[in-house]
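Colleague: Got a structure for you, written out below as structure tokens; questions coming shortly.
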Amino acid sequence: MANTVEPVRVRFGEFLLDLADERLIGPGGPIRIGNKAFRVLRALAAMRGRLLTKEELFETVWDGARVSESALTSVIKELRRALGDDSKAPRFIGAVYGRGYRFLAPVKDEPAGEEPPPSERQPAVQGDTEAIEWVFWRNSSWRFAGLGAVAAAVIASIWFLQRPDASGTRVRIEPLRVIGNNPVARLLSQNLASELSRLGVANNSTIVISDARDPATAPADYIFAGEVQNDGRAWHVAVRLIDGARQILWSRDFSAPAQELASLRQQMAVRTGEVLVCAFGARSRRPAGTDLATLRPFLAACETYNSDWSAARPVLARLVEGAPRFAQARGMYANVLARLAPSGAGPEQRDRLKREAVAQARQALRDDPHIGSAYGALAAVIPFTAAQLPDKDAILRRGIAADPVSAELRAPRCMVLRSLGFGADGQSECERALALDTLSPGTVATLAETYAFNGRVPDALNLLDDARRSWPGEPATSYVRFETIARWGDARQALAVLDSSGGDSGYRPPFSILWRAFLNARIDPGQTQGAVQTILAHASGAPLEAQVTAIRQLVQLRRLDEAYRIAAALPADAGFSRAWFEGFMEPFRADARFPRFLRQQGLTQARVRLRGRPDFCAEPGLSRPCPVTPGGWMHYGR
């Protein structure tokens, strides 16, 4: 390059690399890629077609840290997906076998002040006099603005199958009115409107974002509105849901210290999203003519339905008593009871909660056979053991057939399918669940974990990076993020999480002694023997979950004998079956001891009751081929 100063913006083909803002922009707007992918793309583009060796990339992007070549390969695959590049006929990234990569497309520097094309501009921000109307099904360019690329693709795949029509619920989302002249408050207002709009799209509603004073605005079934203010010390937000007759159905005030904007946004999006799902989404089934005295407490219960079961329980109990034909409320009440049952004070209380959950769920289905939460309750009370997984799956399948837009059925079925060895089918259910409920950290965590263990590590990390920004410190997503990095990412970064917050607001992974030994072995293979001894010592007599963690770590360290030593001592049907079907456990499955282990864990018996062959049956190197018929599993492992 003639300049010694790096350009601010670099254009190639239909893409633009914004170096100052660290983002990749395509024809439809910003494209989410990971930090390592951005740095690799930046380094390749800077070479202007000259070869960049693997060693130079490791030195530049990984700062000289010792990582495997698979880390670079994964980043290159991520970039090719983002650019739509074909490795067999590449337009942008060419591979030089055994040596490195070069950038193939012509690269043009752009001055910092040049006006970006329309696809790169941010949408207007709602102001006191600015009017915005954004009808999602008419504007594909910004349909998924602000959402990670992986999650956006998941939602898009469902969106085109469920395109709303004029007969659907019409919801008008008015960006929060900003009190005072605060640009950050304006951004908060627009981001919340965008997040709630994605939720509406996923639930098959026609969404309009508009200025409340726009005289051309069409009537709406529901209106979401409110105000936001920052007094310099704290945020103050008031929101409300209004029906077409301008009656307030639900309202809530939120506040947070000025420095805790991310936490405030998380709380608002999740709580408001839960209410909107009950108002016009998957949980909106209610008797005709439901009065305000019934609807208002129902929406209040929805606010804590997934986040605080104990708080939702008494409100739903009163609703069921006062409106006995409100099947949706009864089904949700049953599901809350089922979720609370495992934490009961003793066996007697746990059994009582399960019995009541089943009775309430059955009554809800007698009143309305399409209540997904009632099926969810019936499935939740069944233990997660191999012997009963087919029963759990059968209930979830019936529920999905009756209520296909219920995320609370698809997410648990994803876990059941993974536990039965159907990883690809499980991933599909997880993707559908996230498309239907974009504001659930638990669903994001389940899908990200599924991606990671199916070999899609960059996709998993993209989802989890988005989740960390939206839900800092959320245990479900924080643990999946830690484990993904610990197994396949930068081991030193994972090790730092054990010693500090790691950016996750004080989150600490469980079984830190096991993880520390494993990570030290990844960083320095010379420490493997000592790490194995530490893992074996601390797994002995530890809780079952710690023993399963130890088995998986030993497999990844290629110590199968030690892994099977712990596995052989596990109790029959220990309830951790999905661990054996994860992608990196392939050496464990190829071992001659695996068929007998499957039998010990009750999975061969479960297979007799199921049609279809699990994914691992197609893997090469199995010591014993899978049976071709369900009945053949009767003798597998003898």
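The values are calculated or read from the model by the stated rules, or taken from the named source; none is laboratory data. Note that the structure is a prediction, hence the values are computed from the model and not measured. Methodologically, a virtual Cβ is constructed for each residue, glycine included, from the backbone with ideal geometry; neighbour enumeration extends over all protein chains shown.
Colleague: Counting only residues that are in contact (Cβ under 8 Å) with a residue 60 or more places away in the chain and over 16 Å from residue 588 (Cα atoms), how many does the stretch 608-638 have?
Modeller: Qualifying residue count, the stretch 608-638: 3.
Colleague: While we're looking at this one, here's another question. In the stretch 347-354, is there at least one residue being farther than 30 Å from residue 598 by Cβ, buried (at least 24 other Cβ atoms within 10 Å of the Cβ) and in contact (Cβ under 8 Å) with a residue 12 or more places away in the chain?
Modeller: No, because not a single residue in the stretch 347-354 is farther than 30 Å from residue 598 by Cβ, buried (at least 24 other Cβ atoms within 10 Å of the Cβ) and in contact (Cβ under 8 Å) with a residue 12 or more places away in the chain.
Colleague: Within the stretch 207-261, can you find the residues that are in a strand (DSSP E or B), modelled with pLDDT under 80 and more than 21 Å from residue 184 (Cα to Cα)?
Modeller: Across the stretch 207-261, the qualifying residues are 207, 208.
Colleague: Go through the stretch 553-584 and count every residue that is surrounded by fewer than 22 Cβ atoms within 10 Å (Cβ to Cβ), touching a Lys or Arg at 6+ places or on another chain (Cβ under 9 Å) and modelled with pLDDT of 95 or more.
Modeller: Number satisfying all stated conditions: 4.
Colleague: On to the next question. Name the residues in the stretch 462-487 that are hydroxyl-bearing (Ser, Thr, Tyr) and touching a residue at least 60 places away in the same chain (Cβ under 8 Å), would you?
Modeller: 470
Colleague: Does the stretch 585-616 hold any residues that are of a type in the set (S, T, N, Q), more than 17 Å from residue 383 (Cβ to Cβ) and surrounded by 20 or more Cβ atoms within 10 Å (Cβ to Cβ), and which are they?
Modeller: Answer for the stretch 585-616, where residues must be of a type in the set (S, T, N, Q), more than 17 Å from residue 383 (Cβ to Cβ) and surrounded by 20 or more Cβ atoms within 10 Å (Cβ to Cβ): just 604.
Colleague: I'd like to know if the stretch 517-531 contains one or more residues that are surrounded by fewer than 21 Cβ atoms within 10 Å (Cβ to Cβ) and hydroxyl-bearing (Ser, Thr, Tyr).
Modeller: yes
Colleague: Would you check if there is a residue in the stretch 458-477 being in a helix (DSSP H, G or I), modelled with pLDDT of 90 or more, in contact with a helix residue (DSSP H, G or I) (Cβ under 7 Å, 6 or more places away or on another chain) and of a type in the set (Val, Ile, Thr)?
Modeller: no
Colleague: Can you report the number of residues in the stretch 431-461 which are in contact (Cβ under 8 Å) with a residue 12 or more places away in the chain, under 21 Å from residue 77 (Cβ atoms) and not acidic (Asp, Glu)?
Modeller: Number satisfying all stated conditions: 12.
Colleague: It is to be established whether one or more residues within the stretch 499-506 are charged (D, E, K, R), modelled with pLDDT of 85 or more and assigned to a helix (DSSP H, G or I).
Modeller: No: the stretch 499-506 contains no residue that is charged (D, E, K, R), modelled with pLDDT of 85 or more and assigned to a helix (DSSP H, G or I).
Colleague: Which one of the conditions (1) farther than 30 Å from residue 475 by Cα; (2) modelled with pLDDT under 90 does residue 510 fail to meet, given that it meets all the rest?
Modeller: Result: residue 510 fails condition (1) only.
Colleague: Something else now. I'm told residue 541 meets every condition in (1) at positive phi; (2) within 29 Å of the chain's Cα centre (by Cα) except one. Can you identify the failing condition by its number?
Modeller: Failing condition for residue 541: (2).
Colleague: Given the criterion surrounded by fewer than 13 Cβ atoms within 10 Å (Cβ to Cβ), among the acidic types (Asp, Glu) and at pLDDT 80 or above, identify the matching residue among 55, 22, 78, 69.
Modeller: Among 55, 22, 78, 69, only 55 is surrounded by fewer than 13 Cβ atoms within 10 Å (Cβ to Cβ), among the acidic types (Asp, Glu) and at pLDDT 80 or above.
Colleague: Let me ask you something else. Considering only the stretch 475-484, state which residues are under 12 Å from the mean Cα position of the chain (by Cα) and buried (at least 21 other Cβ atoms within 10 Å of the Cβ).
Modeller: 477, 478, 480, 481
Colleague: Now a separate question. In contact with a helix residue (DSSP H, G or I) (Cβ under 9 Å, 6 or more places away or on another chain), surrounded by fewer than 24 Cβ atoms within 10 Å (Cβ to Cβ) and part of a helix (DSSP H, G or I): which single residue out of 426, 455, 442 fits that description?
Modeller: 442
Colleague: Okay, next question. If I ask for residues that are of a type in the set (Gly, Ala, Ser), buried (at least 16 other Cβ atoms within 10 Å of the Cβ) and touching a strand residue (DSSP E or B) at 6+ places or on another chain (Cβ under 8 Å), which ones from the stretch 252-278 would you list?
Modeller: Within the stretch 252-278, 256, 263 meet the criteria.
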